[in-house]
Amino acid sequence: MATNTQEQQTQAGRHQEVGHKSLLQSDALYQYILETSVYPREPEPMKELRELTAKHPWNLMTTSADEGQFLNMLLKLINAKNTMEIGVYTGYSLLATALALPDDGKILAMDINRENYELGLPVIQKAGVAHKIEFKEGPALPVLDKLVEDEKNHGSYDFIFVDADKDNYINYHKRLIDLVKVGGLIGYDNTLWNGSVVAPPDAPLRKYVRYYRDFVLELNKALAADPRIEICMLPVGDGITLCRRIK
Amino acid sequence: MAPTQAEQQTQASRHQEVGHKSLLQSDKLYQYILETSVYPREPEAMKELRELTAKHPWNLMTTSADEGQFLNMLLKLINAKNTMEIGVYTGYSLLATALALPEDGKILAMDINRENYELGLPVIQKAGVAHKIDFKEGPALPVLDQMIEAGTYHGTFDFIFVDADKDNYINYHKRLIELVKVGGVIGYDNTLWNGSVVAPPDAPLRKYVLYYRDFVLELNKALAADPRIEICQLPVGDGITLCRRIK
């Protein structure tokens, strides 16, 4: 699978970006946060998984280290025990989650790509937390529909993290709002979409950024208008919108 | 006591800055977050207090609306009941806190300036939550020392928010680490200090920014090295470092 020069250059740009992609006023400020408060506290398995992932061609998809740290703390603060994750990639946020849950904690993790998950799985196993994870390969919507069908599953999740195909977030939300418990939390990742939510119409955007931007804009409007949740849009990583179910 | 021309210009630029001060890559992105997810959800009382405060000459001291929303959600997520706030100003974060706590929730609020607190108090009273607040005028350290001496306050606070004199944060921390419960949270505000934590040595900084910067840098190092807490430095507002006590 020989790559031509252009692909190589794109890959070089992507490798530079990993660890340097933020919504902050400067990369210097972002690196300050990482060097001062994140990396020195990063658990060894998370560091290993992050470095492993950085070598992968799709590494831009990964959850950033500051976001992983935030998720880990959040889960401990809310005493989460039963969680779900839609969109796994190599498992960085999954590992951050698994490390935060108690020993009998459970995570239902879904991704259309098992291969990437299996890249990170040895690290998760070595960390001693793989037993908490139930991985399902394939699209999430059919799984969610099945869960919603059974009333017993309604309100059974403490925390649900969505970091997947942006054109389906709204569809996920219709199901997740019933599956998360009242008082529980859904987190939607990438809701500031590289800052492109405010880019002028003629801005030079990557194709996939431009394609999904409308979905992200619509999602943000929909979440803000949803009376069943209280929201908070945090500029961590690429933007996480926390949705606390209130009814 | 008419303001000089220089003072008037400073005040004018301060009034322009309130509501536009963030650590994000552009003010546009910050306004997007505020317009999409914060202002439409802001409780009426908080809006009233925010607008009142915007007219005050020291308005840059206020907690921003996105930060208020985040604190409010965080407190609900951790089921906080007994909290403390050091640094009140006109009470925006205090109101965000009071609205989040249950009816029998309690907040010990301290500030060296009662006048500013009394500016906002009518709004807090109208919101029906003033009964949760115990306001003490004066420096916080003597109060904290008294509480430590008494011995009965150790580990009794669910959440403590520090938004005050940066040269004393380290001193506050020595006491607060005993007063917050294990599993509880201390939040230190302004830990990214206007982004100045990474400003080059010759950068033109406001005098007070330059003066306190060293204290902020030292605090950040100290918190990162403190084994009794887990930390998370969020780029919300001017930077909040959440410290979860683990032992």
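A few remarks follow.
- Straightening the chain between A:N79 and A:S26 buys 15.7 nm, computed as 0.36 nm per residue apart minus the Cα-Cα spacing.
- Debye intensity ratio in log₁₀ form over the Cα atoms of the stretch B:72-162, taken at each q of 0.26 Å⁻¹: -1.38
- Here the protein assembly as shown is treated as a sphere whose radius is the Kirkwood value from Cα pairs; by Stokes-Einstein at 20 °C and 1.002 mPa s it diffuses with a coefficient of 91 µm²/s.
- Calculated FRET value between A:I112 and A:A203, using beta carbons and R₀ = 30 Å, to 0.05: 0.50
- Long-range amide H partners of A:F161 with built H, under 5 Å: A:M84, A:E85, A:I86, A:G187
- Karplus-derived HN-Hα couplings along the stretch B:187-202 (A = 6.51, B = -1.76, C = 1.60, θ = phi - 60°), whole Hz, x at Gly and Pro: x, 9, 8, 6, 7, 9, 6, 6, x, 5, 4, 10, 5, x, x, 9
- Computed from the C-beta positions of A:E44 and B:K55 and an R0 of 60 Å, the FRET efficiency is 0.70 to the nearest 0.05.
- The charge dipole of chain B, taken about its Cα centre with unit charges on the Cβ of Lys, Arg, Asp and Glu (plus for the first two, minus for the last two), comes to roughly 400 debye.
- Averaged over peptide A:22-35, the number of partner chain Cβ atoms lying within 10 Å of each residue's Cβ comes to 6.
- Order by protection proxy (mean Cβ within 10 Å, highest first), peptides A:155-165, A:45-55: A:155-165, A:45-55
- For A:G184, the residues 5 or more places off, or on other chains, whose built amide H falls under 5 Å of its own are A:R245.
- In terms of its Cα atoms, the stretch A:61-245 spans 50, 35, 30 Å along the principal axes, sorted from long to short.
- The alpha carbons of the stretch B:147-244 occupy a box of 48, 24, 22 Å along the principal axes, longest dimension given first.
- Inter-site label distance for A:K181 and A:D104 at 7 Å from Cα along Cβ, in nm: 1.4
- 3J(HN,Hα) along the stretch A:17-32, derived from phi through the Karplus expression 6.51 cos²θ - 1.76 cosθ + 1.60 where θ = phi - 60°, amounts to 6, 4, x, 10, 9, 8, 9, 8, 5, 7, 5, 4, 5, 4, 5, 4 Hz, with x in place of Gly and Pro.
- Rough spin-label spacing in nm, given labels placed 7 Å along Cα→Cβ, for A:D214 and B:D214: 5.7
Read-outs: derived from the displayed coordinates by stated rules, not from any lab. This structure is a prediction, so every number in the text was calculated from the model and none was measured. Glycine gets a Cβ as well: all are built from the backbone with ideal geometry, and neighbour counts include every protein chain shown.
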